[in-house]
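Here the structure is laid out as structure tokens; the discussion comes afterwards.
The values are calculated or read from the model by the stated rules, or taken from the named source; none is laboratory data. Here the structure is a predicted model, which means the values were calculated and not measured. Every residue, glycine among them, receives a Cβ derived from its backbone with ideal geometry; neighbour counts consider all protein chains shown. Note: areas computed on protein heavy atoms with side chains; ligands, DNA, RNA excluded. Shrake-Rupley method; radii C 1.70, N 1.55, O 1.52, S 1.80 Å.
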Amino acid sequence: MQSLAKGLEVIGSFNAEHPHQTLSDVARNTGMTRASARRFLHTLTTLGYVEQDGTKFSLRPTVLKIGRAYLSMLTLPDVAEPHMRALSATVGEPVSLTVLDGVESVVVVQSQPGRNAENFLNVGERVAALATASGRCLLAQLPEEQVEELTRGQTVPALTATTQRDLAVVREEIREARRAGYAVIDQEFRPHVRSIAMPVYAGVNKTPAVLVVSARSRRVTSEELVSEILPKLQLTAHAIEADYTRLMARRARGVEEGIEL
């Protein structure tokens with residue numbers, strides 16, 4: 001493991017300021033002895049990660065395989081998480097990323113604005129889609145016929161005293177979420193908690209995930225969720241989609257170039 005760490009340290013010493021280095025440069029920039037630097041450079045050259053031109057060494061494109069291996073493992077939640085942290089810090093409220101599983105909404109990423117912040121949902125938690133902003137927004141991304149089929153015979157659980165339990169009304173709210181592009185609930189999921197949700201698209205023909213911001217009703221009105229939180233939620237969703245699209249494009253280029261991801 002120590003040798004691996006040292007080898008990565010040598011690779012990391014090459015950057016925009018030092019694209020070409022001598023043996024002495026590498027030793028100085030890594031804090032190694034010349035003998036150690038020579039040994040690791042020889043190994044990396046043999047493996048094809050480094051090339052030598054006279055007394056100068058530089059990285060070869062092969063080193064991109066290391067980064068591409070990491071990129072190939074990234075998923076939408078991985079891409080979304082840093083954006084969610086930024087949004088949570090900006091609005092001062094918890095932010096969740098959820099996906100649909102049948103008639104349940106499942107939390108896959110959760111971001112808190114601070115260590116002592118209130119936590120309304122936990123990663124892995126499953127909640128009734130019909131009684132939550134995330135669930136209604138997720139169902140709104142499905143064709144009307146599929147929503148009818150999924151919800152036929154379903155009972156909306158009474159999560160709070162104000163949960164809308166009339167299935168016909170909930171279906172209409174799902175249609176409204178489809179038209180508006182977002183869903184809002186007022187104390188139907190948790191007492192004294194309001195939530196707003198909007199979809200994050202992960203590519204063509206893929207079922208989207210949903211971003212949710214939840215807040216105590218004493219801190220924000222339903223109108224403020226739409227006027228103040230929604231624009232920030234939209235910017236975050238678009239940033240996630242853009243990053244994810246770029247990631248998929250880089251993977252596709254890697255495949256076209258014959259580099260297995």
* **Listed peptides 78-88, 27-37 by packing density, highest first (mean Cβ within 10 Å)** => 78-88, 27-37
* Using a 1.4 Å probe and ignoring any ligands, DNA or RNA, find the accessible area of Phe120 and quote it in Å² to the nearest 10. => 20 Å²
* Mean Cα-pair separation over length for the chain, i.e. relative contact order, pairs under 8 Å, 6 or more apart, % -> 15 percent
* Stretch gain in nm, segment Arg39-Thr245, where the contour uses 0.36 nm per residue and the Cα spacing is subtracted -> 70.1 nm
* Asked: Hey, rough spin-label estimate for Ala168 and Ser24, points 7 angstrom out along Cα→Cβ, what's it come to in nanometres?
  -> 8.7 nm
* **Helix 64-73 axis, angle to the chain major axis (alpha carbon atoms, nearest 10°)** => 20 degrees
* Asked: What angle, in degrees between 0 and 90 and rounded to the nearest 10, separates the Cα long axis of helix 167-180 from the longest principal axis of the Cα atoms of the chain?
  -> 50 degrees
* **Fraction of alpha-carbon pairs over 13 Å apart in the stretch 5-49 - percent** => 47 percent
* Apply 1/(1 + (r/R0)^6) to the Cβ-Cβ distance of Asp78 and Arg179, taking R0 = 30 Å, and write down the FRET efficiency to the nearest 0.05. => 0.45
* **Residue-averaged 222 nm ellipticity for the chain, from DSSP H runs of 4+ at -39500 (n - 2.57), nearest 500** => -14000 deg cm²/dmol
* Asked: How compact and how long is the chain, expressed as Rg and Dmax of its alpha-carbon atoms in Å?
  -> 24.8, 78
* **Ordering of 90-97, 169-176, 46-53, 152-159 by packing [mean C-beta count within 10 Å, highest first]** => 90-97, 169-176, 46-53, 152-159
* Roughly what angle does helix 2-12 make with the longest principal axis of the chain, taking Cα atoms, 0 to 90 degrees, to the nearest 10? -> 90 degrees
